[in-house]
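Participant: Below: one structure in structure tokens.
The values are calculated or read from the model by the stated rules, or taken from the named source; none is laboratory data. This structure is a prediction, so every number in the text was calculated from the model and none was measured. Using ideal geometry, Cβ is built from the backbone for each residue, glycine included, and neighbour counts are taken over all protein chains shown. Heavy atoms of the whole protein, side chains included, go into the accessibility calculation; ligands, DNA and RNA do not. Shrake-Rupley method; radii C 1.70, N 1.55, O 1.52, S 1.80 Å.
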Amino acid sequence: MKVLYFAWFRDRIGCAEEDVTLPEGDPSVRDLIALLSKRGEGYEAAFEDLDVVHAALDMEEVPLETKLGTATEVAFYPPFTGG
């Protein structure tokens, strides 16, 4: 699965995108975050506060409990502010 990182996710992890092999079963976005967080300090720092983690599967925003299913891409980004 292609994983995209935006804003401070990209800065903390050190890359804008990567391909990740998913674990067996029917993992959720939250399961993927747990897997990624074990990859090192940058990943752990990026995902330390799940209250500010937003995710999109195939460019559609989803809750972290959403199953990855047949999606081909997941993106992680911080909350948006506007005005």
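Participant: With a 1.4 Å probe and every protein chain left in place, work out the accessible area per residue of segment 39-83 in Å², rounded to a whole number.
Facilitator: Value returned for segment 39-83: 64 Å² of accessible area per residue.
Participant: For Arg39 and Lys67, what does the FRET efficiency come to when R0 = 35 Å and r is the distance between their Cβ atoms, rounded to the nearest 0.05?
Facilitator: With R0 = 35 Å, the Cβ-Cβ based efficiency is 0.95.
Participant: Something else: Would you grab the residues whose amide H sits under 5 Å from the one on Ser28? Only those 5+ places off in sequence or on another chain, please, with H modelled 1.01 Å from N.
Facilitator: Here Leu68 satisfy the definition.
Participant: Over the chain, one equal point on each Cα, no solvent: what is log10 I(q)/I(0) by the Debye formula at q = 0.18 Å⁻¹?
Facilitator: Normalising to I(0) and taking log10 leaves -0.69.
Participant: Moving on to the next point. Once you order the gyration tensor axes a ≥ b ≥ c over the Cα atoms, which shape class does segment 36-83 get: rounded for a/c under 1.5, otherwise prolate or oblate by comparing a/b with b/c?
Facilitator: Oblate shape, in that a/c is at least 1.5 and b/c is the bigger or equal ratio.
Participant: Give me the dipole magnitude in Debye, nearest 20, for segment 32-83 about the Cα centre, with unit charges on the beta carbon: positive for Lys and Arg, negative for Asp and Glu.
Facilitator: Charge dipole, segment 32-83, about its Cα centre: 160 debye, nearest 20.
Participant: Something else now. So, with a 1.4 angstrom probe, what is the percent of accessible area on the chain that is carbon and sulfur?
Facilitator: Of all accessible area on the chain, carbon and sulfur atoms account for 50 percent.
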